[in-house]
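Peer 1: Can you read through this structure? Questions will come right after.
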Amino acid sequence: MPEPAGRRPVKVGLLLPHLEGSYLGGTARWADLAAMATAAEDAGFDSLWAADHLLYRFPDTPEFGVTECWSLMAALAAVTSRVELGTLVTVTPWRNPAQFAKTVDAVEEISGGRVVLGLGAGSHEAEFPAFGYDSWDHRVSRFEEEIGIIHTLLRTGRIDHQGRFHTIRDCELRPRGPRPDGPPIMVGALRPRMLRILATYADEWNIPWHQRVEDLVEVLPRGEDACRAAGRDPATLRRSAALQVDLPDAASHPGNDLLRAGRGRAITGDPAEVAETLRGYAAAGVGHIQVWLDPNSVAGIEWFADVLADLDRG
């Protein structure tokens, strides 16, 4: 797995603006996202991230959509060579878990083993009926069964499974991707059932949108307690955090007002100040940070390159 450049204390990834209306007030086309991916790799980012959503519908707000996540992952794998590629996070109840494991292996192959497999149960109810899924009421139960299937297939290449939601007979992944045990699995969780699943199957715990280090530190004991309850050493569970970073001129750029309002208190400052804030997360035990930049563009990436250069000084 790629390591941070130089003496960088924490990996830093870029969340791509593939949500409608999130790219300079408009919608990024594939050419825009490809240009951003190349710019981010050149600037020294450690990873690129895509959100797995289909359609956002909120009261009193214009609806907006999202470019499909795993199609984008495959394309990003083909146009980059170094950065890790992650999902924040794949909604398992939307996919047959055995066939999805095949998809993951294919993107692993295209990328040369650079996938970070973020998995979750889904968070936006309106998407489920809009695309024909009736699994909202049982999504955590489905998720527990599905992550078990995906984990087994990616780690061993085989499964024979009879469960509440899925029957899979004598399934085998062939050919396998470049990593014999598959990619690392990341789960975002804060509630007891999801934390138990996290402690059972995940390599990494994602804790999104805690915009102050002290807020993140408050929730860390939940993951540690879940690991201990599962008989697992908490030190074996890596931590990551998704954060919004507003550039000094963010207010002067058009953007998606709902996304801006939903992120709370963004991190601000000059590159040295932002780098120092990220060092605080590293000191709290976070090994990987996914940033949403505002504005999220090639110009924003170029500004953030100075943050990465500062971090590389240790």
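Peer 1: For ARG196 and ASP225 in the same chain, what is the full-extension length gain: residue separation times 0.36 nm, less their Cα-Cα distance, in nm?
Peer 2: 9.5 nm
Peer 1: What is the spin-label model distance, in nm, from PHE58 to ALA299 if the labels are put 7 Å beyond Cα along the C-beta direction?
Peer 2: 2.5 nm
Peer 1: What distance in nm separates the simple spin-label points at ASP233 and ASP249, each placed 7 Å from Cα in the Cβ direction?
Peer 2: So the two model labels end up 5.0 nm from each other.
Peer 1: Please find the FRET efficiency linking GLU273 to ASP215, where r is the Cβ-Cβ separation and R0 is fixed at 22 Å, and quote it to the nearest 0.05.
Peer 2: E between GLU273 and ASP215, to the nearest 0.05, is 0.75.
Peer 1: Still on this structure: Gain in length, ASN96 to GLU125, computed as 0.36 nm per residue apart minus the alpha-carbon separation, to one decimal in nm?
Peer 2: The ASN96-GLU125 span can extend by a further 8.5 nm.
Any read-out appearing in this document is the output of simple, stated calculations on the displayed coordinates, not a laboratory observation. Because the structure is predicted, anything quoted here is derived from the model rather than measured. Note that each Cβ is placed from the backbone with ideal geometry, even for glycine, and that neighbours are counted across all protein chains shown.
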